[in-house]
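Right, one structure below, let's go through it.
Throughout, read-outs are computed from the coordinates displayed, never taken from laboratory work. Owing to the predicted nature of the structure, the values given are computational and were not obtained by experimental measurement. Cβ atoms come from the backbone with ideal geometry, glycine included; neighbour counts cover every protein chain shown.
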Amino acid sequence: MLGKIIKASTIVLILSGVLYAGNFNKQAEIDRLAMQKYFLKKFEDPIKNQNEYFPYVEEAELKKNYIFPLKLEDFVNGTAAWYKPTRDQMEEINEFAPYEIPLDEGRELWVKAFANGKTYSSCFPDAAIKQNFPYYDTKRDEVVTIGQAINECRVGNGEKALKYGKGDIAKLAAYVAFESRGKAINVQIPNAKAAMAYEAGKKMFYKQRGYFYMNCTECHVQGAGKKIRQEALSPILGSVSHFPVYRIKWGGLGTLQRRLVACVRDTGSEKPKMQSKSAKELEYFVTYMSNGLILNGPDTRK
Amino acid sequence: MELIKKVAVVVLMTTLFSGSVYAADKAAMVKEGRKIFITKSQGNCLACHSVQGDESIPQTGTLGPRLANMDTYPKDYLIEKIMDPNITNPITIMPPLGRNHKITKAQVEAVVVYLQEITKAK
């Protein structure tokens with residue numbers, strides 16, 4: 001009898017395992033589609049749905065400055081997708097896009113030989129790979145970002161790792177982003193540990209913490225389409241498609257990691273290190289939310 | 001009679017005196033409250049709120065409601081709201097700056113004096 005029960009339950013276990021395999025992104029897909037649905041509804045007609053989504057924005061402002069209805073593909077433009085003044089400003093600035101020069105420098109760095117004679121192409125035969133980042137490395141059990149992969153290529157070739165966030169690493173990332181333009185973001189969740197990394201990133205996104213007891217949603221989900229001081233807040237959906245960005249405030253290119261850790265600080269908590277486990281897991285979650293959207297980096301931001 | 005006069009003078013002086021001290025106190029508190037309200041490293045209230053009656057500051061934040069007619073609100077409610085907004089609204093996005101000791105109770109009181117004064121119907 002006992003043997004039978006054990007046998008039966010083993011079979012059930014194996015079966016559910018089989019059913020589960022290849023389905024590690026089940027929860028992530030539910031989350032992603034819910035996120036899309038929320039934003040499409042929110043920006044379908046802000047005037048009609050003002051009570052639900054924009055209770056404190058004056059109707060005159062909605063009429064004057066809001067762009068709607070937004071389609072899914074519009075979200076890759078961040079704040080410029082919904083806010084006319086930002087869109088106009090960006091169009092004007094990008095006539096002579098400030099990222100062009102650092103992008104050219106990135107292209108030069110990419111083909112410049114290391115001391116051993118090899119180039120980045122020895123690690124990345126094709127530079128159009130941004131859509132797959134960050135990815136979960138199942139051998140090392142960690143999330144790998146594009147910046148990390150670039151540095152690992154350098155170190156593997158006897159070069160020093162670059163400093164994260166800005167400078168050469170951002171220029172190289174800009175080149176990769178440019179080569180990847182037009183590809184759809186395609187972050188994968190290959191196994192159960194990757195699903196756990198995704199969940200950790202999700203928790204980081206939703207957990208209220210710090211002095212301000214805030215989380216990311218307060219500015220980039222509920223807060224998206226509203227203003228904090230003079231800053232119009234971007235929806236998290238599509239907010240990663242255009243990185244690295246040339247930010248006027250930074251006076252140069254900056255990577256997604258740089259932006260993310262700065263925003264964690266904005267919640268009133270301790271700023272995590274760029275490329276730390278938690279910062280990478282946050283990038284993993286946030287990028288997964290934009291799966292399917294088209295890459296359009298590098299770009300310019302206020 | 002002399003005595004009554006004396007007492008009257010003293011009483012008058014005290015009321016006048018305390019009255020003017022009170023007015024000076026209040027003006028100082030309004031000024032301090034305003035500073036806390038707009039300063040990023042203090043209340044940073046302006047990030048999310050616009051305020052009725054103070055046209056000298058930018059009125060752009062729309063994460064929170066426009067603060068108007070605050071003088072018609074009970075003072076205690078306002079102090080509580082700013083000390084810990086979660087008490088009246090568990091899911092609010094307004095940060096609990098008092099509860100988390102980012103600003104002191106005295107600073108919160110100054111902000112309330114500022115808000116009630118500036119949004120008064122004129």
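At a glance:
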read-out	value
Members of A:84/A:166; B:26/B:75; A:202/B:40 lying beyond 21 Å, as alpha-carbon distances in this model show	A:84/A:166; A:202/B:40
Förster-model FRET efficiency, 60 Å R0, residue A:26 and residue A:160, C-beta, rounded to 0.05	0.90
Part-to-part distance (alpha-carbon centres) for the stretch A:233-276 and the stretch A:100-121, which is given in Å	25
Qualifying GluC sites (Glu not before Pro) in the stretch A:240-288, DSSP loop, other Cβ atoms within 10 Å at most 16	A:270
For the stretch A:166-294, convex hull of alpha carbons as volume per residue, Å³	116
Debye equation applied to the C-alpha atoms of the protein assembly as shown, log10 I(q)/I(0) at 0.08, 0.11, 0.14 Å⁻¹	-0.56, -0.92, -1.28
16 Å Cα-Cα reach of residue A:26 towards aspartates and glutamates, excluding residues that sit fewer than 8 places from it in its own chain	A:199
Point-to-point label distance, residue A:50-residue B:120, nm (Cα→Cβ direction, 7 Å offset)	3.1
Dipole moment magnitude, nearest 20 debye, the stretch B:28-118 about Cα centre, only Lys, Arg, Asp, Glu C-beta charged	280
Separation in nanometres of the label points that stand 7 Å from Cα toward Cβ, at residue A:122 and residue A:209	4.0
Residue among A:256, A:103, A:70 with the largest mean-square fluctuation in a Gaussian network model of chain A, springs linking Cα atoms under 10 Å	A:70
Solitary cysteines of the protein assembly as shown, where the nearest other Cys Cβ is not under 4.7 Å	A:216, A:219, A:263, B:45, B:48
Max mean-square fluctuation residue, GNM over chain A, Cα-Cα springs under 10 Å, options A:146, A:30, A:189	A:30
Exceeding the 24 Å Cα-Cα cut-off - candidates A:171/A:193; B:31/B:105; A:139/A:171	A:171/A:193; A:139/A:171
GNM flexibility winner over chain A from A:244, A:69, A:134 (Cα, springs under 10 Å)	A:69
Pairwise centroid distance, computed over Cα atoms, of the stretch A:152-231 with the stretch B:67-102, Å	33
Full-stretch length increase - residue A:196, residue A:278 - with 0.36 nm per residue and alpha-carbon distance subtracted	28.3 nm
Partner aspartates and glutamates for residue A:64 [C-alpha distance under 15 Å; skip if fewer than 8 residues away on the same chain]	A:45, A:88
Positive minus negative residues near residue A:107 (Lys, Arg vs Asp, Glu; Cβ under 15 Å)	-3
Residue-averaged [θ]222 nm for chain A, counting only DSSP H segments that reach four residues, each worth -39500 (n - 2.57)	-14000 deg cm²/dmol
Ratio of the Cα radius of gyration of the stretch B:35-115 to 2.2 N^0.38 Å, where N counts its residues	1.00
Extension reserve of the residue A:94-residue A:168 stretch, reckoned as 0.36 nm per residue once the Cα distance is removed	24.5 nm
Fraction in percent of alpha-carbon pairs per bin - 5 Å, the stretch A:80-201	2, 10, 16, 18, 18, 15, 10, 7, 3, 1, 0
Under-21-angstrom lysine pairs by C-alpha in the stretch A:227-302, whenever the two are 8 or more apart or on separate chains	6
